[in-house]
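Below is one structure; the comments refer to it alone.
We did not get these values from a lab; they are worked out from the coordinates using the rules stated. Small disclaimer: the values here were computed from a predicted structure and weren't measured. Cβ coordinates were reconstructed from backbone atoms using ideal geometry, including for glycine residues, and neighbour counts include every protein chain displayed.
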Amino acid sequence: MAEVDLVDLRSQIEAAADRIGPYVRRTPLEFSHGLSEKNGGNVFIKMESEQRTGSFKVRGAFNKCLVLSSEKPGVQVTTASSGNHGLACTLAMKTVGLTGTIYLPENVSKTKELALVREGAVLRHHGTDVEETETKARQMALEEGIDFISPYNDMDVMTGQGTIGKEILEDLPDVDAVFVPVGGGGLIAGIAAYIKALKTTAKVVGCQPAHSAVMAKSVEAGRILDLPSLDTLSDGTAGGVEEGSITFPICQQCVDDWVLVEEDVISDAIYFMMAEHHKIVEGAAGVAIGAFLKTAQKYHGKSVAIISCGANISMEKIKKIIELRQQ
């Protein structure tokens, strides 16, 4: 495996931070008393759930769309998404003057689909898995001669997400560990590359639902695996990893540990955020918080940052999570 050039990635992430700065929020790194009590240290939550569109995805989307609008003004684009990436791309395209189509799985969250419709997105549905939907979108982009914006397998998207790592190191320079939810790996690859470029002692922990742990199992196997995914509260991280994805070697080199999180733990984490922080978070955020809850003592006395990556969850899911605790 060729070593990833972290110096170059750091430079690209810093350029992305300058580029997207006027368009995205610098989200708070909020101290968590409840989580800090679990490890006897200082635990902070990076509130990307309070980002524009309710998800970190807007960072990568704006970075990519700004680069495209500079290089190819007025270009048409397409993408595939379980909701958050599509919403982020819709906002970014509208802001910088691009047009395009969003491909969605047929079983996408109705909450996320409604948000896309309200933003004025042009939607097409295909397949029941994000990877299947993405394959179709790429095929149509090739046939129609337009640009495809990958949710994770794209350098501009990944370095846009990596700006979160830059903000964490600026706000918490003594951070010992960062817990990051993982799907295709765009978020963790960007964050891990930046953190490892500047602070090699900090641990980067990849967090996946046990029902859909393709990246974790692929890293363990040393190659990208084609594995099925089961239904999960963390629909934003569900699905496979594209063969040849740029995120895979970065995960191999820069992610120190992997934690697989069961559905009941994800549910507990979402409820914890409502009860302790009075915040609504989605399942993917619950994966990272749940991973810390499972391994807190391993980080006893340490300074920890956890990425709360999004807040786009249906009221139906929230209702079920609350009802389970009232029985």
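Computed on the Cα atoms alone, the convex hull of segment 57-154 gives a volume of 80 cubic angstrom per residue.
What is the sum of charges around THR79, taking Lys and Arg as +1, Asp and Glu as -1, for the other residues whose C-beta is under 12 Å from the C-beta of THR79?
Numbers: positive: LYS57, LYS64, ARG124, LYS136, ARG138; negative: GLU134, ASP147, ASP154.
Summing Lys/Arg as +1 and Asp/Glu as -1 gives +2.
Ranking PHE179, GLY162, CYS207 by Cα position along the charge dipole of segment 158-219, where only Lys, Arg, Asp and Glu carry charges on their C-beta atoms, puts CYS207 farthest toward the positive end.
Go through segment 4-96 and name the GluC sites (Glu not before Pro) that are in a DSSP coil and have 16 or fewer other Cβ atoms within 10 Å of their Cβ.
Values: sites: GLU14, GLU30, GLU37, GLU48, GLU50, GLU71; in loops: none.
Counting only loop positions with at most 16 other Cβ atoms within 10 Å, none of the GluC sites (Glu not before Pro) in segment 4-96 qualifies.
Sorting 276-282, 72-78 by their mean Cβ neighbour count within 10 Å, with the most densely packed peptide first, gives 276-282, 72-78. Each peptide in 241-253, 222-234, 171-183 receives the mean, over its residues, of other Cβ atoms within 10 Å, and ordering these scores from highest gives 171-183, 241-253, 222-234.
Fewest to most neighbouring Cβ within 10 Å: what's the order for MET158, MET274, MET315?
Values: MET158 31, MET274 15, MET315 9.
Listed from fewest to most nearby Cβ atoms, that is MET315, MET274, MET158.
Per the Cα gyration tensor, segment 1-133 maps to an equivalent ellipsoid with semi-axes of 28, 22, 16 Å, ordered largest to smallest. Amide H contacts of VAL204 (H built 1.01 Å from N, in plane; Pro and chain starts excluded): VAL178, ASP256, ASP257 sit under 5 Å, all sequence-distant by 5 or more or on other chains. Pair-distance distribution of segment 225-327: all C-alpha pairs, bin width 5 Å, starting at 0; shares per bin in whole percent are 2, 11, 19, 22, 19, 14, 8, 4, 1, 0. The local environment of GLY186, defined by Cβ-Cβ distances under 15 Å, has a net charge of -3 under the rule Lys, Arg +1 and Asp, Glu -1. Dividing the C-alpha radius of gyration of the chain by 2.2 N^0.38 Å, with N its residue count, gives 0.91. By the helix-only formula, in which each DSSP H run with n ≥ 4 contributes -39500 (n - 2.57) and the sum is divided by residues, the chain has a 222 nm mean residue ellipticity of -14500 deg cm²/dmol.
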